[in-house]
Amino acid sequence: MAQNNRPGAVRKKKKGPVVGSGGQRRKGLEGRGPTPKAEDRVYHKAYKAKQAAARKQQNQPRRSQRPAGSGPIKEDLVTGRNSVLEALRAGVPAKTLFVATKIEVDDRVKDILQLCAEGQVPTLEASRGELDRLSSDAIHQGVVLQVPPYDYPDADELAASLMRDRDATRPPLLVAADGITDPRNLGAIIRSVSAFAGDGVILPERRSAGVTATAWKTSSGAAARVPVAKATNLTRTLQNCKKQGYFVVGLDGGGDMSLPQLELATEPLVVVVGSEGKGLSRLVTEHCDAIVSIPIESAMESLNASMAVGITLYEIARRRAGA
């Protein structure tokens, strides 16, 4: 067989690939990385939806989504459009307003949002399911108001400071609630204390209503002006008050003294009111300097705790004004 001896001819000893690219296009594929997400591709409809959502969020700068999976709120909650609106109008110190996404806005919702804007209360959007969970399935109508816990001063310290800094023309006046478990009753008591120049309210640590959103609402904002203190042991606190110069007066329908006969009205006083059902507890009664009853027309009738406090404080204020 004749050999090819053409000048310039180069004989290859290895034959190149016949099937496939043989890696010839590999370099062209290097460095491009993974395929971008649909929302990051400018030509994709998901990108346009993302941009529209961002523009909507910019138009509502005060609202943001509550993170999914957040733990339950431990603080007091006001639910329902009427209740939330009344609480804001009463000056309840709101912490956060939760509004349902795509809520149907009426005049109440407009007023709620306006009051929150004026009071700089943060407003967050949440789904209906999230609001159901936060409010323990209460009827919220798309609005839930979060109220921070009340900061209670110490009862002994409050009583001591009032006696130490007292005005000679106006002796200190405190009201102690013994077993008041209805927050509406407590709110009404706080309101009466504010109306008749009282200096504070004392609550026992246990078995007592606290300054919740309901109490705030019933007090019509008076809880912002009247300190509500807590006593670890109410009996011991009454003993300490007596050592500091207070007289302790208990209210009871079967008292040994009628309210118009209360000569101690012009002295430093702690007025103690019990629950409607049980009245004053035995230990508290033993530490009272006087047990006072309010004369009423019929022996079959009775006054609730907040009404009894209001009448008593009025009589004390009247006697002090004429002293």
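Between ALA38 and GLN114, what length comes free when the chain is fully extended (0.36 nm per residue of separation minus the Cα-Cα distance, one decimal in nm)? Working shown, then result.
Details: separation 76, 0.36 × 76 = 27.36 nm, distance 3.92 nm.
Gain in length upon complete extension: 23.4 nm.
Would you calculate the separation in nanometres between label points at ASP256 and LEU303, each defined as 7 Å from the Cα along the Cα-to-beta-carbon direction?
2.1 nm
Mind ranking 194-200, 215-221, 171-177, 116-122 by how tightly packed they are, going by the mean number of other C-beta atoms within 10 angstrom, highest first? Each step should come with its number before you reach the end.
Values: 194-200: 18.7, 215-221: 23.0, 171-177: 24.7, 116-122: 13.7.
Ranking the peptides 194-200, 215-221, 171-177, 116-122 by packing returns 171-177, 215-221, 194-200, 116-122.
Counting pairwise Cα distances across segment 152-255, what percent come out greater than 17 angstrom? Can you show the working numbers first?
Details: 2713 of 5356 pairs.
Cα-Cα pairs in segment 152-255 separated by more than 17 Å: 51 percent.
Ranking request for peptides 184-191, 252-259: highest mean number of other beta-carbon atoms within 10 Å first, then the rest in descending order. Intermediate results must be reported in sequence, preceding the final value.
Details: 184-191: 25.0, 252-259: 13.8.
Descending packing order for the listed peptides: 184-191, 252-259.
Based on C-alpha coordinates, I'd like the Rg and Dmax of segment 191-241, in Å.
Over segment 191-241's Cα set, Rg and Dmax evaluate to 11.7, 32 Å.
Report D for segment 76-147 in µm² per second (integer): Stokes-Einstein, Kirkwood Rh on Cα pairs, 4 °C, 1.567 mPa s.
Values: Rh = 11.7 Å.
Answer from the Stokes-Einstein relation: 111 µm²/s.
Any read-out appearing in this document is the output of simple, stated calculations on the displayed coordinates, not a laboratory observation. Here the structure is a predicted model, which is why all the values come from computation and not from measurement. Cβ atoms come from the backbone with ideal geometry, glycine included; neighbour counts cover every protein chain shown.
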